[in-house]
Each structure stands twice: as C-alpha cells, then as structure tokens.
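Chemist: My structure is below; once you've seen it, I'll send some questions.
FYI, it's all coordinate maths here, none of it is from the lab. All values derive from a computational prediction rather than experimental measurement. When we count neighbours, we look across all protein chains shown, and the Cβ atoms used for this are built from the backbone with ideal geometry, even at glycine.
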Amino acid sequence: MKIFRNLQLFGLLVIIYSLTQCTTAEVHESFSNELEEITDDFSPKITKVLENLGFNPIETKKDKVVFPDGTTNDFYTYQDMSYSDEAIEKIMNQEDTPTFEKQFRTFNTVGGNRNYTIAFFDFNQPFQRQAAGDAVFLFNNTLRTTIRLNIVFANGSNFASTPKDIAVFYLGNINTIAVADLPSNGLPGKNIRLNFRSNLIGTRARLRNTIMHEVGHTFGLRHTDFGLTGQAPDQFGRVPIPGTDTSGFDISSIMTSGQNSNPFGGYTDNDIRAIRFLYGFR
Ligand SMILES: [Zn+2]
C-alpha cells in the first residue's frame with residue numbers, strides 16, 4: 001500500500017514536473033509571469049468578495065489543495081495568500097464580517113491573548129525541525145505579543161486527528177515558494193503550504209524565513225513591497241498600520257513578497273511594531 005502510494009506520488013511528481021517549465025527561483029522573483037497563466041473567471045458576487053478582501057480577482061485563482069492525509073479542499077489564492085472556499089462562503093453570507101478599521105494588514109485579524117497551536121507535518125529532516133523551532137521561538141520571544149504559538153510535529157497521516165490552529169505542510173503543485181491562508185472568523189489562517197520542489201527553502205535559514213513570512217500572513221499581515229509591482233498603496237484592500245513604512249518599497253521587512261533580490265533576514269522594527277500594534281505587547 002505504501003509502495004503503491006509512493007508510486008502514485010512519483011507519477012504525480014512527474015506530471016507536475018513536466019507541467020512546470022520554469023524554476024521556482026524564477027517564479028519567486030516574478031509573480032507577474034506566473035499570473036499570465038491564470039484564467040479563472042469568477043461570478044460577480046465572488047469577484048466583489050475577493051475585491052473586498054484585497055485580492056485582485058484577475059490575479060486570483062481557485063485551486064484544489066491535497067492535505068497530507070489525502071483529503072482535499074478548494075482555495076482562492078492570490079500571490080502567496082489564500083482563503084478557503086468555506087471562508088469565502090462565510091464572508092459572502094456575512095457570517096464573517098470583515099472589520100474595516102484595524103506595516104499593512106488584511107481587513108481580518110485574529111483574537112489576541114491566546115495560545116495557538118502550529119503543527120508541522122512530515123518535518124522529518126533536522127533542518128526542517130530546526131527552522132520550524134527557530135520561527136516559533138522568534139515569534140514568541142522577539143515579537144512578544146499577547147499571542148503565543150505552541151509547536152507540534154506530526155505525521156501527515158494523522159493530519160485530521162492532530163489538534164492545530166495552523167497546519168504547515170509540503171505540497172508539489174504550487175507555483176510559489178509557499179502559500180498561507182489569511183485569517184477568517186477571528187482565527188489565524190489555517191494552512192501554510194510549502195513547495196517541496198523549491199530549493200529556496202532547502203536550508204534552515206531560508207525555511208525559517210519563509211515560515212516567518214507565511215505565519216505573518218496567517219495573522220493578517222500583507223506584503224510591504226507592493227510598490228515594486230506598480231500598485232498604489234490603497235489598491236486591493238491593504239490597510240496601513242500606524243507607525244510603519246507605507247512607501248510600498250519596504251523590502252527588508254519579513255513581509256516583503258520576495259519580488260526583489262534582497263531576501264528578508266528576520267523581523268525588522270517595522271514588523272515588530274506592526275504585529276504589536278495588532279496584538280499587543282506583553
Ligand atoms: Zn507573502
């Protein structure tokens with residue numbers, strides 16, 4: 001059974017590999033090339049919701065995500081950020097009303113004064129565990145907000161039964177280095193998908209930085225270097241956080257989109273100020 005699964009996986013990998021001509025490095029440096037391929041056409045209602053959430057509908061695609069235990073779900077993905085089908089549905093039915101008042105963030109934020117469990121699935125290599133541990137340690141001890149992360153490592157086959165607020169797992173069929181869900185319903189984004197083909201997250205430091213960036217998305221942070229894409233500050237629902245860089249070119253932030261050659265190294269003062277503004281300092 002295991003061999004059969006592996007064969008299936010191998011077949012899938014071959015298909016994925018043959019479908020993707022460009023390297024992840026190229027994709028990382030240019031969302032726009034990748035976005036030309038996107039042809040999803042959404043209903044006017046969905047389009048409106050996406051716009052309200054700060055997703056450019058033209059550059060958003062709907063994709064099916066296979067979780068580590070084989071179950072699937074649909075997601076709307078824009079750049080490296082996503083909302084599940086359910087989240088969009090709830091927002092559409094106004095059960096989850098975006099709060100339009102709270103570096104850049106989404107309309108949705110997360111409840112503070114809480115512990116959230118972040119579960120890393122199939123992080124079996126030492127550098128992966130170290131990177132996960134580093135990212136969680138820095139979140140808890142550098143940011144020092146009222147939110148604390150508890151770290152859990154688990155086997156992907158136990159995905160459903162593992163208690164978790166945020167799940168981190170590897171996939172092959174994503175075009176960026178990683179994708180994170182944004183918060184909805186007052187809870188952090190539920191999933192961080194990592195691209196297991198990407199050699200840009202093949203070291204402890206690079207994987208750590210990527211996890212830090214994606215965790216930032218799960219707590220509602222948006223990209224700080226959107227100016228590099230030629231977008232105006234008020235386009236697509238970014239809400240500026242007082243006291244942080246609003247230029248659109250803050251590329252040293254952990255929340256830079258990676259569309260520059262200056263990869264982030266850790267939390268900057270702007271990042272710390274932003275997250276403490278949202279979730280308080282302890
Ligand atoms: Zn991002």
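Chemist: Using modelled backbone amide H atoms (1.01 Å from N, in-plane), which distant-in-sequence or interchain residues come within less than 5 Å of T117's amide H?
Modeler: Answer set, sorted by chain and number: N150, D165, I166.
Chemist: For segment 114-279, give me the percentage of DSSP beta bridges that are antiparallel, rounded to the nearest 5 percent. Let's see the in-between values first.
Modeler: Working: 4 of 20 bridges.
The antiparallel fraction comes to roughly 20 percent.
Chemist: Treat each spin label as a single point 7 Å out from the Cα along the C-beta direction, and report the T142 to R114 distance in nm.
Modeler: 2.4 nm
Chemist: Take every DSSP beta bridge whose two residues both sit in segment 145-208, then give the antiparallel share in percent to the nearest 5. Could you put the intermediate results ahead of the total?
Modeler: On the way: 4 of 9 bridges.
For segment 145-208, the DSSP antiparallel bridge percentage is about 45.
Chemist: Let's test the formula: R0 of 41 Å, r as the Cβ-Cβ distance of K45 and T71. What FRET efficiency results, to the nearest 0.05? Let's see the in-between values first.
Modeler: Details: r = 27 Å, r/R0 = 0.65.
That pair, K45 with T71, gives E of 0.95.
Chemist: Could you put M81, M92 in order, starting from the residue whose Cβ has the fewest other Cβ atoms within 10 Å?
Modeler: Working: M81 26, M92 15.
In order of increasing Cβ crowding within 10 Å: M92, M81.
Chemist: If the viscosity is 1.002 mPa s and the temperature 20 °C, what translational diffusion coefficient in µm²/s does Stokes-Einstein give for segment 74-204 when Rh comes from Kirkwood over Cα pairs?
Modeler: On the way: Rh = 15.8 Å.
It comes out at roughly 136 µm²/s.
Chemist: While we're on this one: Where does segment 114-279 land on the Kirkwood hydrodynamic radius, alpha-carbon pairs, in angstrom?
Modeler: Working: mean 1/r = 0.0620 Å⁻¹.
Every distinct Cα pair counted, the radius reaches 16.1 Å.
Chemist: Put +1 on the Cβ of every Lys and Arg and -1 on every Asp and Glu Cβ in segment 114-279; which of G243, Y116, G227 then has its Cα farthest towards the positive end of the dipole?
Modeler: Highest projection toward the positive end goes to Y116.
Chemist: State which entries of K64/K190; K64/K164; K61/K164 exceed 23 angstrom in Cα-Cα distance in the structure shown.
Modeler: Numbers: K64/K190 15 Å; K64/K164 21 Å; K61/K164 26 Å.
As for pairs spanning more than 23 Å Cα to Cα, those are K61/K164.
Chemist: Could you size up the charge dipole of segment 114-279 around its Cα centre, putting +1 on the beta carbon of Lys and Arg and -1 on that of Asp and Glu, and report it in debye to the nearest 20?
Modeler: Values: 15 positive and 11 negative charges, 84 e Å.
Value, rounded to 20: 400 debye.
Chemist: How far apart, in nm, are the 7 Å Cα→Cβ label points at I58 and M92?
Modeler: So the label points at I58 and M92 sit 2.3 nm apart.
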